[in-house]
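Let me begin by presenting the structure, written as structure tokens, before commenting on it.
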């Protein structure tokens, strides 16, 4: 089965490239509000589920014990750009638990955002694990371990107490079995499990609504989603899609991208969850898809809808600043009737 | 019509992402030796046709007048990495025609290859138009203008004498009409025309064989293809797919990638041309596809076939160096019987 083309990349009047994918919007009960494409296909959610992976940090009491506010919790849910503020925040989170960069098991990489990378290189510094886009998540894992008195070394490994807690949270929130035969290793070395896209959307609808959660989990979920929305710079960074989209409707829209074309969303006021996977792993396409889905959902708010549509359907410029084409969602998305 | 899945990206045992595309191999007469997918679809060839775009440089006598050897001609066909040797070579080409960087109309960009970008940023320099991956092609355009006594200013614009020559060469070599309604603007600001993939393959089969060319064009085509193969470092750069693939069979394989998932190939000894377009514009996929097609073509040379297959079907590692998956061509490609 082939998923529909959801985004087209135009050069002049001609379609140059095409992106296929699947989308689903559900409510807290898992009722499908809208879908396109194969929503049963096992999909690695990658970084799009960091908010769920951060539940043990809050539920264990670690976040309170270390005095974490919105910025720290946003960092725990983040794929940040490695800007100086992100690096400092990750170091501070570790410091509150008596740890430092040497405890991080996520590895190092140069920032993916070119201006951040260039600034770091010009400064004469080299990236450390604090610059890793996942350093906030890993700092959260480490703080959970410290608070619970669990050995920190090896916290990222399959079968460690920390990763068992994370997997249990994922399994419980999404309702999808997290089986070893669907387990892979993520970019930051922790286990990641492929689950159906529909479970991913349902999981985020539950994060938004708390439907079916025990009170402690419902409160933790809402606290994390609220923190990410309130401190959206710490979830991604300057000019990053997640940050820009969340800033369009402060404290109303939660979105989170993941590698290989994944996006999730949680809309507490509407009680909806969203999950997107672009077949080919494209970020430009998944960003256009989430923005278009949000635009249709907020079709009764002209200004917000218009901002979202402009983000989704955007001009591309070449090295001389000349507009050569557009990235456009297809009618399958723009005509979507989402209720 | 949907093109077949040609490349799958595995994480663990699960397919994480999928790339669709079309492939065609023809001989110099345009006879289809092998094809998969829609080979009629108009496709922007982008940088994959730089060797054809360089024909006027050689045919006009400019290349001889300025003493261009393999390295300079390879640069004229290049999407180079902006390494110091590339930058120096582009400056030297301009200098031979009494020009300098100020004549280039390609714009500036930081090198796309991270190690090159980091080295440049650490050095305290900023990129100039000489660092643009197209600077060698543009230097070739400028040298052609100077040699012919054509105004250099505006050489990159649609309707300029230089771009008319380039379009005429493209039209004649590929046999595809280059109509304004299929014209777009390329990354370096010159016009680019979408043409059927089958014409692109046939064009490169003719570049390899000279079939149907006047003697001057046949000699120019072969000289450019030979130069690119002989000085393949100048066509791309350190660890770049084009350079690595050409080095696997010195002076036997010509390949050239283009933006948005395009690849072309010319095999003079076999008289074949190749054209590839990955639907979604992915470079990782188009590189895997061209390597697999070459592996099947050279199936009777075990060592070369094995090198090509290892390039096509490669392990991916995360920030800690852990292998998490593979990029693999599908059976549609690996089982291809290309005669």
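Since every read-out is calculated from the coordinates, none of them should be taken as a lab result. Treat the numbers as computed from the prediction; the structure is a model and nothing was measured. Please note: Cβ atoms are built from the backbone with ideal geometry, for glycine as well, and neighbour counts cover all protein chains shown.
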Query raised in the report: Given label points at 7 Å from Cα along Cα→Cβ, what nm distances, shortest first, separate residue A:69 from the same residue in every other copy?
Result: 6.6
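Starting from the Cα gyration tensor of region B:233-316, take the square roots of the eigenvalues, sort them a ≥ b ≥ c, and report rounded, prolate or oblate (rounded when a/c is under 1.5, otherwise prolate if a/b is larger than b/c, else oblate). Display every interim value, and only then the final one.
On the way: a/c = 1.35, a/b = 1.26, b/c = 1.07.
Rounded is the answer for region B:233-316, as its axis ratio a/c remains below 1.5.
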Query raised in the report: From the square roots a ≥ b ≥ c of the eigenvalues of the alpha-carbon gyration tensor of region A:159-281, which class results: rounded (a/c under 1.5), prolate (a/b over b/c), or oblate?
Result: oblate
**Report entry** Most to least packed among B:43-53, A:94-104 [average Cβ atoms within 10 Å]
**Finding:** B:43-53, A:94-104
Query raised in the report: What is the list of residues in region B:145-174 whose amide nitrogen lies under 19 Å from a point 7 angstrom out from the Cα of residue A:323, following Cα to Cβ?
Result: B:158
Report summary line: Inter-copy distances for residue A:4, label 7 Å out on the Cα-Cβ vector, sorted ascending, nm, one decimal, are 2.7
Query raised in the report: What are the principal axis extents of the Cα atoms in region B:7-134, in Å, biggest first?
Result: 52, 44, 23
**Report entry** Largest-first principal axis extents of the Cα set of chain A (Å)
**Finding:** 59, 50, 38
Query raised in the report: What's the center-to-center distance, using Cα atoms, between region B:307-330 and region B:257-298 in Å?
Result: 18 Å
**Report entry** Per-q log10 I(q)/I(0), the protein assembly as shown, q = 0.06, 0.11 Å⁻¹ (Debye; single scatterer per alpha-carbon; no solvent)
**Finding:** -0.36, -1.10
Report summary line: Summing -39500 (n - 2.57) over every DSSP H run of at least 4 residues in the protein assembly as shown and dividing by its residue count gives a helix-only mean residue ellipticity at 222 nm, to the nearest 500 deg cm²/dmol, of -12000 deg cm²/dmol
Query raised in the report: Given label points at 7 Å from Cα along Cα→Cβ, what nm distances, shortest first, separate residue A:175 from the same residue in every other copy?
Result: 5.8
Query - region B:1-77: C-alpha gyration tensor shape, a/c 1.5 cut-off, then a/b vs b/c - result: prolate
Query raised in the report: So what's the Cα pair-distance distribution over region B:204-246, bin width 5 Å, in %?
Result: 5, 26, 23, 18, 15, 10, 4, 1
Query raised in the report: Nearest-5 percent of antiparallel DSSP beta bridges in chain B?
Result: 100 percent
Query raised in the report: Roughly how many nanometres apart are two label points built 7 Å out from the Cα toward the Cβ at residue A:153 and residue A:65?
Result: 2.0 nm
Query raised in the report: With each pseudo-label sitting 7 Å past Cα toward Cβ, what's the residue B:226-residue A:29 distance in nm, one decimal?
Result: 7.7 nm
Report summary line: The relative contact order of chain A, taking Cα pairs under 8 Å that sit 6 or more residues apart, comes to a percentage of 24 percent
Report summary line: Plugging the Cβ-Cβ distance of residue A:339 and residue A:1 into 1/(1 + (r/R0)^6) at R0 = 22 Å yields, to the nearest 0.05, a FRET efficiency of 0.30
Query raised in the report: Which whole number gives the average, over all residues in A:315-325, of C-beta atoms from other chains lying within 10 Å of the residue C-beta?
Result: 5
Report summary line: Here FRET efficiency (C-beta to C-beta, residue A:239 to residue A:13, R₀ 25 Å, nearest 0.05) is 0.30
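Among B:2, A:17, rank each residue by its count of other Cβ atoms within 10 Å, from fewest to most, as a rough exposure measure. Spell out each step's value before the answer.
Numbers: B:2 14, A:17 27.
Lowest to highest Cβ neighbour count: B:2, A:17.
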**Report entry** Over region A:89-195, volume per residue of the alpha carbon convex hull, in Å³
**Finding:** 111 Å³
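Enter the mean number of other protein chain beta carbons within 10 Å of the beta carbon of each residue in A:186-197, as an integer.
Numbers: counts 5, 8, 3, 6, 0, 1, 5, 2, 6, 0, 0, 0.
For this peptide, the per-residue mean of nearby foreign Cβ atoms is 3.
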Query raised in the report: Can you give the mean number of other chain Cβ atoms that lie within 10 Å of the Cβ atoms in peptide A:17-26?
Result: 3
Query raised in the report: When the chain is fully extended, how far beyond the present Cα-Cα distance does residue B:114 get from residue B:251, taking 0.36 nm per residue of separation?
Result: 46.5 nm
